Amino acid sequence: MGASGAVSQRAQDARRQERLLREQWQAARRQALRWDTVGEGERRVLAQLLVLTARGWRLLVDRQWSANRTAGADMVLVGPGGVFVIHVTAGGGPGEGRATGLLAATKAAERAVASLGMSPVAVQPLMVFAGQRRDVNLGRIRLLGEHEIGPVLLSQRHRLRVESVRAIADHLERVLPDHAGAAVDLQTPWATATPTESEGHRPSPSDGLFDLEGLREAALKGAMQAPIEQWMTFLHPDQVALVRRNWSGPARISGPAGTGKTVVALHRAAHLARRTTGRILYVTFANNLPRVQSTFLKTMAPAVADRVDFRSLHSWAQEFLQERGIPVRLHGDKAETAFSLAWKNVGRASRLAELDPAPTYWHEEIDYVIKGRGLTRFEEYATLPRRRRKASLHRAHRQSVWALYEAYEVLRAERGVHDFNDVLSLALAEASRRREQPPYAAVIVDEVQDLTLVGVRLLHALVGDAPNGLLLVGDGQQTVYPGGFRLTDAGIDIRGDRGQVLRTNYRNSKQILDAALTVVADDAFEDLDGERTPGRRDVDLTYHDGDVVRVTEPTVEAHDRQLLDALRALPEAALADTALLCPSMRAIGHYQRLLTQTGLAVCQLEHYDGLAVDAVKLGTYRRAKGLEFKNVFLPQHDTVFAKGTPAETPGGTRGGTRGGTETPQTAREREELRRSQLFVAMTRARDLLWLGSVTTGRGSGQDAP
């Protein structure tokens with residue numbers, strides 16, 4: 001067909017669609033006349049919703065709907081965009097009674113669909129004003145005019161597949177007996193139709209396609225076929241229960257990799273934002289995660305997204321201090337220089353060199369054990385259990401560490417600068433000193449195991465032990481930084497059901513999870529509750545289609561050719577859901593150049609904001625924390641056991657290597673930490689995990705990155 005023929009065909013299709021829409025609208029207007037207990041404006045709104053039923057939406061109308069109703073749900077609409085609980089009025093304002101009744105009906109609908117695995121964020125209350133134009137929010141309720149309701153509904157992001165729309169509507173009709181189905185019907189003469197008839201086939205539970213378990217599987221399948229950003233919004237009924245739960249004080253959600261902890265935390269943030277008047281702080285350690293998580297929440301719950309502050313802990317603390325008029329002179333390079341001089345003057349010739357002559361370990365001892373725990377006196381440090389630190393330090397060793405710490409502090413103060421730990425300590429002191437109205441209604445901490453004890457104390461100080469105030473989310477097995485603590489050290493008491501463990505993995509197939517667990521199987525770990533947990537934990541799996549590909553080549557060049565071939569072989573548009581992760585910044589640079597020279601688009605994880613982009617996501621293992629991808633490539637993944645990796649600062653940028661040779665006293669701890677980092681990287685994969693190895697480490701004279 002030529003160009004003119006194609007244009008003519010499109011014009012014919014457009015005229016045909018316009019004619020069909022006109023017929024549907026006329027039929028809907030005729031059917032709306034049957035509701036003679038409401039006014040003309042309300043019937044116009046009803047007609048718009050009836051037209052949507054010709055496009056696969058399902059509409060339930062209150063059997064007693066009349067002009068005298070002042071509250072409650074006149075209609076419940078189920079479509080690709082979710083469940084909408086609707087009250088229609090001909091005039092006046094929203095009114096407290098109307099709003100209260102509509103919210104009560106919305107909560108009833110939420111309870112009804114929770115057993116189907118639908119998150120509360122997918123149920124939205126709408127108040128529609130006939131004969132008016134408006135689009136504003138009244139708390140959780142969206143107020144729309146007659147002319148805005150149709151475009152708003154059609155513009156909603158798709159959450160539900162066709163079969164899910166049918167099944168949810170059928171379920172609601174069973175549990176909401178006051179509402180009956182209604183649909184536009186172009187076949188049945190309008191005069192014989194009644195408003196309480198449910199046109200169209202409604203599958204019964206015995207059909208087998210729409211039982212509860214079948215619907216959950218359909219929802220899961222639909223989410224997994226969508227881009228990974230939409231997959232992150234899927235919830236299982238067990239997770240829905242945690243999202244909606246009322247906790248009497250601080251709470252914690254833990255569980256192995258892939259069990260949906262971050263997903264639950266995001267939905268929890270939306271849930272609290274809808275039910276409180278204050279702001280919600282959602283904080284994590286890495287500075288790239290807040291951008292991604294903010295994007296996900298805007299997709300899931302746009303109406304409340306602007307009431308949740310997504311921040312990295314250190315950036316929030318700096319802004320908090322600036323608002324309070326407390327000067328912050330954070331300068332990582334100058335602080336690093338101060339430590340290097342302290343090591344040269346005090347540490348290098350001390351007894352510490354007997355255990356490890358490299359400054360790296362001792363810098364981390366100060367960062368995570370002394371300053372990270374807020375110690376100010378040697379006697380506190382002398383008897384302190386050094387959690388997750390393997391090297392045994394006698395009192396003489398600890399005296400040497402303390403001398404190194406004091407020398408560092410003097411040199412740092414002389415330069416007039418702060419380090420990252422100082423920022424948190426200053427913020428904690430300020431938050432503890434000024435006991436005023438809490439700045440946030442709730443604080444949600446994701447990847448809590450990556451924080452220092454001072455950081456956790458700071459966040460606890462913002463909300464105290466208020467009901468639903470503090471939620472800590474994380475897993476000790478996925479720790480990628482040295483040092484550790486227990487929640488009791490922070491004065492946080494998680495009692496009874498305020499400590500919940502997720503045990504169902506929704507992300508990884510058995511093949512991928514088995515490969516990852518093999519790396520850490522022998523590494524028992526102590527979680528934040530102090531419980532010793534084996535490295536290989538039992539989980540329930542819901543996904544079985546993933547694949548692990550192992551490639552071993554004698555040279556880097558041959559290895560990289562295999563990598564490029566595998567990336568090119570991915571289906572069209574698959575790069576949007578693909579990540580290439582490396583243990584070090586040096587390796588990142590190597591693969592950035594390689595992919596760019598080959599013509600493959602690259603998006604650095606530090607710049608990734610959660611929006612779909614057709615490019616390989618490139619970043620370190622640490623940068624990938626809290627994220628997941630359909631395809632994950634780990635080139636030269638086993639080199640992490642052969643050499644150290646550069647440290648990253650709390651801001652997420654590269655720090656110095658603080659190089660040196662590890663000794664057996666500290667090597668076991670470092671190797672275990674590297675295995676944990678590799679485990680985190682491997683468990684980011686959902687469908688494909690590509691593991692590359694090089695047997696010689698060299699190719700054509702080129703050092704392995």
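Among (1) in contact with a strand residue (DSSP E or B) (Cβ under 7 Å, 6 or more places away or on another chain); (2) over 18 Å from Trp316 (Cβ atoms); (3) surrounded by 22 or more Cβ atoms within 10 Å (Cβ to Cβ), which single condition is Arg387 missing?
Status for Arg387: all satisfied but (3).
Of the residues Asp523, Asp547, Asp565, Asp538, which single one is exposed (fewer than 15 other Cβ atoms within 10 Å of the Cβ) and within 28 Å of Ile253 (Cα to Cα)?
The conditions single out Asp538.
So, of the residues in region 66-89 that are under 19 Å from Val152 (Cα atoms) and small (Gly, Ala, Ser), which turns out to be surrounded by the fewest Cβ atoms within 10 Å (Cβ to Cβ)?
Selected residue: Gly81.
Mind telling me which of the residues Val136, Val83, Val128 ends up being within 17 Å of Ala32 (Cβ to Cβ) and in a strand (DSSP E or B)?
Criteria check complete, one pass: Val128.
For region 397-449, give me the residue count where each residue is among the small types (Gly, Ala, Ser) and closer than 18 Å to Ala490 by Cα.
Selection size over region 397-449: 6.
Keeping to region 367-404, report how many residues are farther than 18 Å from Phe285 by Cβ, assigned to a helix (DSSP H, G or I) and not charged (D, E, K, R).
Selection size over region 367-404: 12.
I'd like the residue in region 344-357 that is crowded, with 17+ Cβ neighbours inside 10 Å and not in a helix (DSSP H, G or I) and, out of all such residues, is farthest from the chain's Cα centre (by Cα).
Applying the filter and picking the extreme gives Ser350.
Of the numbered conditions (1) in a helix (DSSP H, G or I); (2) buried (at least 22 other Cβ atoms within 10 Å of the Cβ), Val445 satisfies every one except a single condition; which is it?
Every listed condition holds for Val445 apart from (1).
Go over the candidates Val304, Val283 one by one and state the one that is under 23 Å from Gln449 (Cα atoms) and of a type in the set (A, V, I, L, M, F, W, C).
Exactly one residue qualifies, and that residue is Val283.
Ala130 fails exactly one of the following numbered conditions: (1) in contact with a helix residue (DSSP H, G or I) (Cβ under 7 Å, 6 or more places away or on another chain); (2) crowded, with 22+ Cβ neighbours inside 10 Å. What is the number of that condition?
So the condition that Ala130 fails would be (2).
Looking only at region 298-333, how many residues end up being touching a strand residue (DSSP E or B) at 6+ places or on another chain (Cβ under 7 Å) and either within 27 Å of Phe84 (Cα to Cα) or hydrophobic (A, V, I, L, M, F, W, C) (or both)?
Of the residues in region 298-333, 9 are touching a strand residue (DSSP E or B) at 6+ places or on another chain (Cβ under 7 Å) and either within 27 Å of Phe84 (Cα to Cα) or hydrophobic (A, V, I, L, M, F, W, C) (or both).
Answer with yes or no whether Ala612 is under 25 Å from the mean Cα position of the chain (by Cα), of a type in the set (A, V, I, L, M) and within 23 Å of Lys261 (Cα to Cα).
Taking the combined requirement at face value, the residue satisfies it.
Restricting the first residue to region 514-537 and requiring it to be under 24 Å from Pro385 (Cα atoms), which pairs with a second residue that is among the aromatic types (Phe, Trp, Tyr) meet a Cβ separation below 6 Å and a spacing of at least six or different chains?
Partner pairs satisfying both residue conditions: Val520/Phe679; Thr533/Phe525.
Given the structure, is Leu102 assigned to a helix (DSSP H, G or I) and either closer than 16 Å to Leu144 by Cβ or touching a residue at least 24 places away in the same chain (Cβ under 8 Å) (or both)?
yes
Would a scan of region 422-444 turn up a residue that is touching a strand residue (DSSP E or B) at 6+ places or on another chain (Cβ under 7 Å), under 23 Å from Asp527 (Cα atoms) and at pLDDT 95 or above?
Checked against the condition, which is being touching a strand residue (DSSP E or B) at 6+ places or on another chain (Cβ under 7 Å), under 23 Å from Asp527 (Cα atoms) and at pLDDT 95 or above, region 422-444 yields at least one hit.
Which ranges mark the strands (runs of 3 or more DSSP E) fully within region 514-632 that have 3 or more residues being among the aliphatic types (A, V, I, L, M)?
547-553, 578-582
Kindly indicate whether Ala286 is touching a residue at least 24 places away in the same chain (Cβ under 8 Å), of a type in the set (Gly, Ala, Ser) and farther than 16 Å from Lys625 by Cβ.
So Ala286 does not fit the description; no.
The values are calculated or read from the model by the stated rules, or taken from the named source; none is laboratory data. Everything quoted here is computed from the prediction, not taken from an experiment. No Cβ is skipped: glycine too gets one built from the backbone with ideal geometry, and neighbour counts run over all protein chains shown.
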